[in-house]
Amino acid sequence: MSHHFIPVNAPILDGNERRYLNECIDTGWVSSEGPFVKRFEDAFADKVERKYGVAVCNGSAALEVSVAALGIRRGDEVIMPTFTIISCAAAIVRVGAVPVLVDSDPVTWNMNVYDIEARITPRTIAIMAVHIYGLPVDMKPLMELADRYGLRVIEDAAEMHGQTYMGKPCGSFGDISTFSFYPNKHITTGEGGMLVCDDVALAERCRELRNLCFQSQNRFVHEELGWNYRMTNLQAALGVAQLERLNTHIERKREMGRRYTEMLADVFELQLPSSHQEYADNIYWVYGVVLNEDVQIEAREAMKQLGTLGIGTRPFFWPMHEQPVFKKMALFAGEKYPVAERLARRGFYLPSGLALTFDEQERVADSLRKILQ
Ligand SMILES: Cc1ncc(COP(=O)(O)O)c(C=O)c1O
């Protein structure tokens, strides 16, 4: 039996990656001006059934650009889950707007869409829907609310390439939807992100903001501030190759999820991810587990013990309302979201990368049994 360390994630780059990268090197096209960028944008937008794709340097940048492109500004309120990555709230706070939080659903771990309406005020301008870990947010009631109240929707599909909600691709719902291509994602560009939308003016606005708001006539004279959030041709070359493999990657992930669920079915100390909701099958971006009430240790300790057995893990997200950085800004004072608080303390995820083998999964499952039973 091998005792190598099992990393929490390792990507697979076994398609045309090398060939396309060589093309960049051979032609000298390495900057964002190279042809793979548009090719990746078009192919990716197509895949998620959107008209326009705007590639950027990471998923956090995509969120920042989306908030700015929708004109969200000081005093506006944006409803979002407390249980997510900091990038979501940061994008809102950075323009002076206010994140308004909702708790998670205890089964899907996504934002509880039935908590949204009570949080709507005359200042609410948008909802940021964030698909977490493997199942999509319940988009139908969310979109109905957005429609009824005239709210914009930013859909953060960073973790959800290839997933669908009621048969429609994740990333096809928001006024703007965003993705990440960090190496733990279903497809990677090393670092990278994408905005997608159907509105030509909005896409153009995202392109301006991504590119320092240079002006076409008077390049170095600026009416506004943007960012340099461009994606390079090298990254996009990887992206095009990875996108060709997306369906295979999704199959691998689903197989991985099914196997963990089988292997861990008798570990009653754990809540496993829900494999299916009426609107989607789990895509297992990561395979998360939550320690049941009767387990004496917290996730942090379980992860430490797994680490000594050579198993890499990651904690679940830490909720936005418990972030020291936001406390210092006097945000979310006294707010409580018990589901998210429990997930943060009791949840973590197992090695879930595309390169994970069956034997490694067995070792993970055995190690979990060892520390819990
Ligand atoms: C839900 C979600 N949104 C945004 C991001 C940010 O993406 P990036 O790491 O590419 O900045 C991530 C990253 O993993 C994420 O999981």
**Message:** Run through region 1-69 and list the trypsin sites (Lys or Arg not before Pro) located in a DSSP loop whose Cβ has at most 14 other Cβ atoms within 10 Å.
**Reply:** 51
**Prompt:** To the nearest 10 square angstrom, how much accessible area does residue 313 have with a 1.4 angstrom probe?
**Reply:** 20
**Asked** Heavy-atom accessible area per residue, the chain, 1.4 Å probe: how many Å²?
**Response** 44
**Item:** Summed side-chain charge close to residue 337 - residues other than residue 337 whose Cβ falls under 10 Å, Lys, Arg +1, Asp, Glu -1
**Value:** -3
**Item:** Isotropically averaged projected area of region 222-354, using the convex hull of Cα atoms (one quarter of hull area), nm²
**Value:** 13.8
**Item:** Whole-number percent relative contact order across the chain, with pairs defined as alpha carbons under 8 Å at least 6 apart
**Value:** 23
**Request:** Only loop residues by DSSP count here, and only those with at most 15 other Cβ atoms within 10 Å; note down the trypsin sites (Lys or Arg not before Pro) in region 281-373 that meet that.
**Result:** 336
**Message:** Computing the accessible area with a 1.4 Å probe over protein heavy atoms, can you report the carbon and sulfur percentage for the chain?
**Reply:** 51
**Prompt:** Using modelled amide H (1.01 Å from N, peptide plane; none on Pro or chain starts), what sits under 5 Å from the amide H of residue 104, excluding residues fewer than 5 places away?
**Reply:** 112, 339, 340
**Item:** For region 96-113, Karplus couplings with θ = phi - 60° (6.51, -1.76, 1.60), whole Hz, Gly/Pro x
**Value:** x, 7, 10, x, 10, 9, 10, 7, 9, 7, x, 9, 8, 6, 7, 4, 7, 5
**Asked** If you place +1 on the Cβ of every Lys and Arg and -1 on the Cβ of every Asp and Glu, how big does the dipole about the Cα centre of region 122-234 come out, in debye to the nearest 20?
**Response** 120
**Message:** I'd like the distance between the alpha-carbon centres of region 128-185 and region 299-326, rounded to an integer number of Å.
**Reply:** 25
**Item:** Computed [θ] at 222 nm, deg cm²/dmol, the chain (DSSP H ≥ 4; -39,500 (n - 2.57); rounded to nearest 500)
**Value:** -11000 deg cm²/dmol
**Request:** Could you work out the relative contact order of region 194-246, using alpha carbon pairs under 8 angstrom and six or more residues apart, expressed as a whole percent?
**Result:** 25
**Asked** Dividing the Cα radius of gyration by the Kirkwood radius, what Rg/Rh value follows for region 87-134?
**Response** 0.97
**Three-way shape call for region 166-226 based on the alpha-carbon gyration tensor, with the a/c threshold at 1.5** = oblate
**Message:** Just to be sure I understand the model, the point goes 7 Å from the Cα along the line to the Cβ. What's the resulting residue 117 to residue 5 distance in nm?
**Reply:** 5.0
**Message:** Going Cα to Cα from residue 336, which lysines come in below 27 Å? Please leave out same-chain ones fewer than 8 positions away.
**Reply:** 140, 327, 328
**Item:** Per principal axis, descending, Cα span of the chain in whole Å
**Value:** 68, 55, 38
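Please identify the GluC sites (Glu not before Pro) of region 204-311 that satisfy two criteria: DSSP loop assignment and at most 10 other Cβ atoms within 10 Å. Which are they?
Here the sparse-neighbourhood loop sites are 223, 224, 278, 293.
The values are calculated or read from the model by the stated rules, or taken from the named source; none is laboratory data. A quick note: this is a predicted structure, and the numbers were derived from the prediction, not measured. Cβ sites come from the backbone with ideal geometry, for glycine too, and all protein chains shown count toward neighbours. Only protein heavy atoms, including side chains, enter the accessible area calculation; ligands, DNA and RNA are left aside. Shrake-Rupley method; radii C 1.70, N 1.55, O 1.52, S 1.80 Å.
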